[in-house]
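Reading through the structure tokens given below for one structure.
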Amino acid sequence: MKFKKWSVAVLVCAALFCAAAVQAQEKLEIFSWWAGDEGPALEALIARYNALYPKVQVINATVTGGSGVNARAVLKTRMLGGDPPDSFQVHAGQELLGSWVVANRMENLASLYQSMGWTTRFPAGLVSLLSARGGIWSVPVNIHRSNVMWYLPSKLKEWGVTPPKTWAEFLKTCDVLMSKGVEAPLSLGEAWTVQHLWESVALGVLGPDNWAALWAGKLKFTDPKVVAVWDMFGKVLAYTNADASGLSWQQATDRLVSGDSAFNIMGDWAAGYMSTTLRLVPGEDFGWAAAPSTGGVFMMLSDSFGLPLGIKNRTAALNWLKLLGSKEGQDIFNPLKGSIPARVDADMTKYNAYSQSAAKDWKANRIAGSLVHGFVAPERFMNEFGTIIDFYLSGRNSKATASAAQAIADQVRLGY
Ligand code: GAL
């Protein structure tokens, strides 16, 4: 009996000790929308973090939904509710600066940049997108390109067409494709991918100078040049699939891969999906070109991670930022993601044919900023922009849509 009492006591003590040890274990919660088949690049980076810091338990908190449509809403609730994740994905530019930085929710990383020598390791233009109020507020892990048109060379050959270089040519090519039985030559997905298509049409119709002027508040949405964007957008939409609203961006890419559509306009995470997940060979199985009328322009966006104030695991989070800003970290992440490294000294031999060509364009092209992926306008504008697109889709009235867009632009301070 005595023995039994002792052993129970020992077991209880052991259990309490284990529980205390688990509680004391350092954690790191990383928050992003890179879930499911968007996950391999992040998972590879986390695997490296685990190897470097085996005592830290990493929680890979993801909220599914391309371009962060759902994640951003969850993040907002958590940040405002005083429960910030230790580090979270946020686009460089207005999405970061116009929200969490102005709200004083982020820690200034300028001294981290100094100690890591990052001010010269990242392009100056990118660092300025992460800077405001005398601070630097996040660490970029990549550069993505928004204005890419994807296709399968074998299918285009079969249909006897070549990738169109302008939007006018695009419309003609689609007519040819339809006459050959391709019902929806341009593959499209759910709502945010429609906005994504819009930004490529707008960049093509306006050109990079007017595009920049629009977001600097110097060109009005009601200007005939901008009204013309909606006219072209309407024409382009006529060639898209009827089931678009029910498709994720990956499913829209699948339509291309299966040969149901001839083209898809999507950021180069589609290259990551096709090469990493679907195991297709860039340049052989799939091809790419700048979205029509945007040749020579690289519409960029950058995923970055910051350090919210008031987090539970600051040291673990700082080590996470150090890894993702390192050359090693960037060269683990980007070859799988389809993006190019943000650092200027990455080892490009580790990258496939698509990324090599994107890296070349990144150096040679004019740079424009993405709207949908947080660069040029604050989140408030982006949230309303979905309504503007719906308004256009319901009435197909370019002028009325332009006025509605200008009304929102007047409410939100545009310019960066
Ligand atoms: C973008 C993000 C990319 C990719 C894409 C699709 O906003 O920057 O890294 O995740 O959404 O979800």
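The values are calculated or read from the model by the stated rules, or taken from the named source; none is laboratory data. Since the model is a prediction, treat every value here as computed from it, not as a measurement. Because the Cβ atoms are built from the backbone with ideal geometry, glycine has one as well, and the counts that use them run over all protein chains shown. We work out accessible area using only protein heavy atoms, side chains counted, and drop any ligands, DNA or RNA first. Shrake-Rupley method; radii C 1.70, N 1.55, O 1.52, S 1.80 Å.
Which angle from 0 to 90°, rounded to the nearest 10, does the C-alpha axis of helix 224-237 make with the longest principal axis of the chain?
So the helix axis and the longest Cα principal axis differ by about 80 degrees.
Ignoring ligands, DNA and RNA, what percent of the accessible area of the range 104-203 is carbon or sulfur (1.4 Å)?
Within the range 104-203, the accessible surface is 53 percent carbon and sulfur.
Could you work out how far apart the two model spin labels at residue 391 and residue 222 are, taking each label as a point 7 Å from the Cα in the direction of the beta carbon, and quote it in nm?
The modelled label-to-label distance comes out at 1.2 nm.
Restricting to Cα pairs below 8 Å that are 6+ residues apart, what does the relative contact order work out to for the chain? Please round to a whole percent.
Relative contact order here is 26 percent.
Calculate, in nm to one decimal, what residue 285 and residue 57 gain on full extension: separation in residues at 0.36 nm each, minus their alpha carbon distance. Please list the in-between numbers first.
Details: separation 228, 0.36 × 228 = 82.08 nm, distance 3.91 nm.
Contour length minus the Cα-Cα distance gives 78.2 nm.
Send over a whole-number figure in Å² for the accessible area per residue of the chain, probe 1.4 Å. If you can, show how the numbers build up before the last one.
On the way: 17460 Å² over 416 residues.
That works out to 42 Å² for each residue.
With a point put 7 Å past each Cα toward its Cβ, work out how far residue 345 is from residue 64 in nm, to one decimal.
4.1
How far apart, in nm, are two points set 7 Å out from the Cα along the Cα-to-Cβ line at residue 380 and at residue 180?
4.9
Would you mind checking which residues have amide H under 5 Å from residue 299's amide H? H placed 1.01 Å from N; only 5 or more apart, or other chain.
For residue 299, whose amide H was placed from the backbone, the distant partners under 5 Å are 146, 147, 368.
By how many degrees, between 0 and 90 and to the nearest 10, does the Cα long axis of helix 327-337 differ from the longest principal axis of the chain?
Helix 327-337 sits roughly 50 degrees off the main axis of the chain.
Which FRET efficiency, nearest 0.05, do residue 165 and residue 400 yield, Cβ-Cβ r, R0 45 Å?
0.90
Enter the Cα centre distance for the pair the range 150-213 and the range 91-139, rounded to the nearest angstrom.
So the separation of the two Cα centres works out to 35 Å.
Within the accessible area of the range 287-416, what % is carbon and sulfur when the probe is 1.4 Å and the other protein chains stay in place?
Solvent-exposed carbon and sulfur of the range 287-416 make up 52 percent of the total.
Can you list the residues of the range 87-129 with backbone N under 18 Å from a point 7 Å past the Cα of residue 309, pointing along Cα to Cβ?
87-88, 96-112
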